[in-house]
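Student: The structure is given below, and queries will be raised subsequently.
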Amino acid sequence: MSRPQMRALQTTLLSACMYGLGGGLIGGAALFLVNRTEALVLPFRLNLLFPARMLFSMLGRPPPTQATKGIGCINFLVGLVYSGVIGIARGAMAWYGIRGPIADFMFMSVRLVVGQSVIRGLRIDTPLIWNWPACDQMFDLFHKTIYAVITGFFIDRRVV
């Protein structure tokens with residue numbers, strides 16, 4: 001029995017990372033839509049300010065509140081950029097042949113670790129995720145899964 005023919009790489013690592021950036025932006029936009037829909041349908045779910053809190057912390061400003069002017073736009077833009085940057089890692093994963101549902105699961109973990117590391121690194125006052133109420137943990141993992149699957153879906157079809 002002969003070995004299957006290997007396809008020549010048609011995508012460079014740099015372009016795979018750019019596809020990752022694009023996929024991350026798409027995943028971030030989808031995550032924003034899920035969050036907004038969730039906030040409309042489930043009144044007990046508040047608009048979380050983590051993206052805006054990260055930005056304000058990096059700028060040395062006091063944490064924002066729900067009443068901060070333009071907080072929705074700030075949250076969206078920071079979340080989108082953050083998602084795009086993390087998507088670069090998924091593009092590199094696809095370039096190295098790590099694709100499909102298992103890659104999405106691995107990437108979900110990457111997204112979770114990066115998020116917690118940034119929050120800890122910036123000393124944002126929030127409990128660690130494993131200290132959150134179970135319901136909040138479930139929603140957070142659901143959000144990470146949505147982001148990882150949509151980002152991976154886009155990237156896996158572009159990186160050859």
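The values are calculated or read from the model by the stated rules, or taken from the named source; none is laboratory data. Since the model is a prediction, treat every value here as computed from it, not as a measurement. No Cβ is skipped: glycine too gets one built from the backbone with ideal geometry, and neighbour counts run over all protein chains shown.
Student: Kindly list the number of the only condition in (1) farther than 30 Å from Arg158 by Cβ; (2) surrounded by 15 or more Cβ atoms within 10 Å (Cβ to Cβ) that fails for Val110.
Tutor: (1)
Student: Okay, next question. Considering every residue within the range 50-68, establish whether at least one is under 20 Å from Ile146 (Cα atoms), part of a helix (DSSP H, G or I) and modelled with pLDDT of 85 or more.
Tutor: No, the range 50-68 contains no residue that is under 20 Å from Ile146 (Cα atoms), part of a helix (DSSP H, G or I) and modelled with pLDDT of 85 or more.
Student: Here's a follow-up. Regarding Thr151, is this residue among the β-branched types (Val, Ile, Thr), in a helix (DSSP H, G or I) and in contact (Cβ under 8 Å) with a residue 40 or more places away in the chain?
Tutor: Spelling it out, Thr151 is indeed among the β-branched types (Val, Ile, Thr), in a helix (DSSP H, G or I) and in contact (Cβ under 8 Å) with a residue 40 or more places away in the chain.
Student: Taking interchain pairs and intrachain pairs at least six residues apart, which have beta carbon atoms under 9 angstrom, with the first residue in the range 117-140 and under 15 Å from Phe44 (Cβ atoms) and the second assigned to a loop (DSSP other than H, G, I, E, B) and of a type in the set (Val, Ile, Thr)?
Tutor: Pairs that qualify, where the first residue is under 15 Å from Phe44 (Cβ atoms) and the partner is assigned to a loop (DSSP other than H, G, I, E, B) and of a type in the set (Val, Ile, Thr), are Trp132/Thr126.
Student: Further question: Within the range 69-107, how many residues are charged (D, E, K, R), surrounded by 20 or more Cβ atoms within 10 Å (Cβ to Cβ) and closer than 21 Å to Leu48 by Cβ?
Tutor: Result for the range 69-107: 0.
Student: Checking Phe56 against (1) under 30 Å from Arg157 (Cβ atoms); (2) aromatic (Phe, Trp, Tyr); (3) buried (at least 19 other Cβ atoms within 10 Å of the Cβ), which single condition isn't satisfied?
Tutor: Checking Phe56 against (1) under 30 Å from Arg157 (Cβ atoms); (2) aromatic (Phe, Trp, Tyr); (3) buried (at least 19 other Cβ atoms within 10 Å of the Cβ), the one that fails is (1).
Student: Among the numbered criteria (1) over 21 Å from Phe32 (Cα atoms); (2) at pLDDT below 95; (3) not in a loop (DSSP other than H, G, I, E, B); (4) not basic (Lys, Arg), which one does Met93 miss?
Tutor: Every condition holds for Met93 apart from (2).
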